[in-house]
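One structure is given here, and the rest of the page talks about it.
The values are calculated or read from the model by the stated rules, or taken from the named source; none is laboratory data. These numbers come from a predicted model, not from an experiment. Every residue, glycine among them, receives a Cβ derived from its backbone with ideal geometry; neighbour counts consider all protein chains shown.
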């Protein structure tokens, strides 16, 4: 299945959608790029709503080399409009969105789709001689400089100021224009492409209200992500990106000090549950089961961080404006096996289904008005016990994991002290485990003196309780 | 510049040096812990960058060679009717 990749093809599809489904789809213009190329978006809504619709924004094409997201977003618009025109539902693999749900989405949601955010960059990827791996914009239009739009948003943009010197090295961003990590630009929000997206998020673009839901579609990691991208998530409201007292002191995620965690507004808290729901939508659309399924995780889960991203910018609006809540997500559609950044015509349908599945279940959820799904944060491995026993599958390690994950939460005391202990352990565990793993004799002593008696005592207690 | 697609595994300290390697584009969201002091990440490095990473002591497993990555990137553009822009 061929899919639109060039600017001409993408523009042709947008115009066709707005023309053919003129009662539902409208095309609007944003500011032209430095290269003089048009930037347009589609608005999808039906009729006059008795009450204000929920503003939802989907963006694609920020990174020029990622071919599938713009096409998949446009075909999503086509699916919704066609289903409306034919009074039918949408079925993709195991996923079914009923005709009634389609009507609910079109009635309740004010959907805005900016499919191609970075046309100058896309044209350069396609041009001769160009660069098939180019991800930035083309400002300036010549040479190998250019700004990574997804590092240019006004959220911890100056990463060398935001982090301490050690953590700043773990940021995939650069202040050097031609650098491989992604140039952050002359100043926050300096780029027209960034300003266009900000206008849609903040509701200053024509006919658009401030977004309450935001999804930025990228490729190719096969995951639905939720913020923050810039730090671990925390609950201390004094730890936020604008608090200068923390400048040059924030510790990032890669060194596991755990001194700082970016405040996550509780009103946007069900992020993991919603991201998991979206991932299930992708898996249903591709009828996936077993291994290789799309999952959900936090952007800063791992070793590295990213600053100045669209998703973090969108979430940050929830903190700046107490009357506003923005749920923000990033989809990394497809995998290296699905063609990576450039799926072939035969690989594209799988990637497209990932995007359609996750976004359709999100739209259905938003339109339904039901409570957000809640899912706990990911389980943390028994790092220290694994280092002491030398085997993550050892029966004592498995017992301790079960004690923490299944038994502790069922007791009143466990529910109170469990979460803070697990958080602290998640921070201190890995370095402690590394230290012990390098000292096998000491690890043996710790195992005999501390772990085995504790494990045996706990086993005895549980046996007495019949558990 | 030709790049391959690889999986890199190593210690925390080795992995934290990857972003500073010239010619290395790390897929940062692919980083995961596979053992108490063992991490894994996917990346698009040049040949010189692979040598530099191996010099750090990390293990590099090539998933797709330079030629395969180039072919994959071209495959995405197959069937486009418009002539390339000069």
Spot the failing condition for residue B:68; the list is (1) within 30 Å of residue A:37 (Cα to Cα); (2) in a helix (DSSP H, G or I), and only one is missed. (1)
As an exercise: evaluate residue B:51 against (1) more than 9 Å from chain A (Cβ to nearest Cβ); (2) in contact (Cβ under 8 Å) with a residue 40 or more places away in the chain; (3) out of contact with any strand residue (DSSP E or B) (no Cβ under 7 Å at 6 or more places or on another chain) and give the number of the one condition it does not meet. (2)
Answer with yes or no whether residue A:84 is farther than 27 Å from residue A:198 by Cα, within 14 Å of chain B (Cβ to nearest Cβ) and buried (at least 19 other Cβ atoms within 10 Å of the Cβ). no
Answer from B:59, B:46 - the residue that is more than 8 Å from every other protein chain (Cβ to nearest Cβ) and farther than 30 Å from residue A:5 by Cβ: B:59
Breaking point among (1) part of a loop (DSSP other than H, G, I, E, B); (2) in contact with a helix residue (DSSP H, G or I) (Cβ under 9 Å, 6 or more places away or on another chain), for residue A:22: (2)
Is region A:368-375 home to any residue that is surrounded by fewer than 20 Cβ atoms within 10 Å (Cβ to Cβ), part of a helix (DSSP H, G or I), modelled with pLDDT of 60 or more and within 28 Å of the chain's Cα centre (by Cα)? yes
Of all residues in region A:109-135 being touching a strand residue (DSSP E or B) at 6+ places or on another chain (Cβ under 8 Å) and either surrounded by fewer than 21 Cβ atoms within 10 Å (Cβ to Cβ) or within 12 Å of chain B (Cβ to nearest Cβ) (or both), the one that is farthest from residue A:30 (Cα to Cα): A:133
Taking only region A:136-182 into account, find how many residues are within 11 Å of another protein chain (Cβ to nearest Cβ), outside any loop (DSSP other than H, G, I, E, B) and crowded, with 16+ Cβ neighbours inside 10 Å. 4
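Table: residues versus (1) buried (at least 18 other Cβ atoms within 10 Å of the Cβ); (2) within 9 Å of chain A (Cβ to nearest Cβ).
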{"residue": "B:1", "(1), (2)": "no, yes"}
{"residue": "B:4", "(1), (2)": "yes, no"}
{"residue": "B:15", "(1), (2)": "yes, yes"}
{"residue": "B:18", "(1), (2)": "yes, yes"}
{"residue": "B:25", "(1), (2)": "yes, yes"}
{"residue": "B:32", "(1), (2)": "no, yes"}
{"residue": "B:37", "(1), (2)": "yes, yes"}
Looking across region A:12-25 at residues that are surrounded by fewer than 19 Cβ atoms within 10 Å (Cβ to Cβ) and free of Cβ contacts under 8 Å to residues at least 40 places away in the same chain, the single one that is nearest to residue B:75 (Cα to Cα) is A:12
Can you name the condition, by its number, that residue A:280 falls short on among (1) assigned to a loop (DSSP other than H, G, I, E, B); (2) more than 30 Å from residue B:11 (Cα to Cα)? (1)
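Residues checked against (1) in contact with a strand residue (DSSP E or B) (Cβ under 7 Å, 6 or more places away or on another chain); (2) at pLDDT below 95:
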{"site": "A:198", "(1), (2)": "no, no"}
{"site": "A:207", "(1), (2)": "yes, yes"}
{"site": "A:213", "(1), (2)": "yes, no"}
{"site": "A:219", "(1), (2)": "yes, no"}
{"site": "A:224", "(1), (2)": "yes, no"}
{"site": "A:229", "(1), (2)": "yes, no"}
{"site": "A:234", "(1), (2)": "yes, yes"}
{"site": "A:253", "(1), (2)": "yes, yes"}
{"site": "A:267", "(1), (2)": "no, yes"}
Test for residue B:79: is it out of contact with any helix residue (DSSP H, G or I) (no Cβ under 8 Å at 6 or more places or on another chain), more than 10 Å from chain A (Cβ to nearest Cβ), surrounded by fewer than 16 Cβ atoms within 10 Å (Cβ to Cβ) and free of Cβ contacts under 8 Å to residues at least 60 places away in the same chain: no
For region A:288-333, give me each residue that is touching a strand residue (DSSP E or B) at 6+ places or on another chain (Cβ under 6 Å), within 14 Å of another protein chain (Cβ to nearest Cβ) and in a helix (DSSP H, G or I). A:311
Quick one: in region B:39-56, of everything that is in contact with a helix residue (DSSP H, G or I) (Cβ under 7 Å, 6 or more places away or on another chain) and assigned to a helix (DSSP H, G or I), which residue is surrounded by the fewest Cβ atoms within 10 Å (Cβ to Cβ)? B:56
So how many residues does region A:289-304 have that are under 27 Å from residue A:371 (Cβ atoms) and touching a residue at least 24 places away in the same chain (Cβ under 8 Å)? 8
Considering only residues that are surrounded by fewer than 20 Cβ atoms within 10 Å (Cβ to Cβ) and in contact (Cβ under 8 Å) with a residue 40 or more places away in the chain, look in region A:30-39 and name the one that is farthest from the other protein chains (Cβ to nearest Cβ). A:31
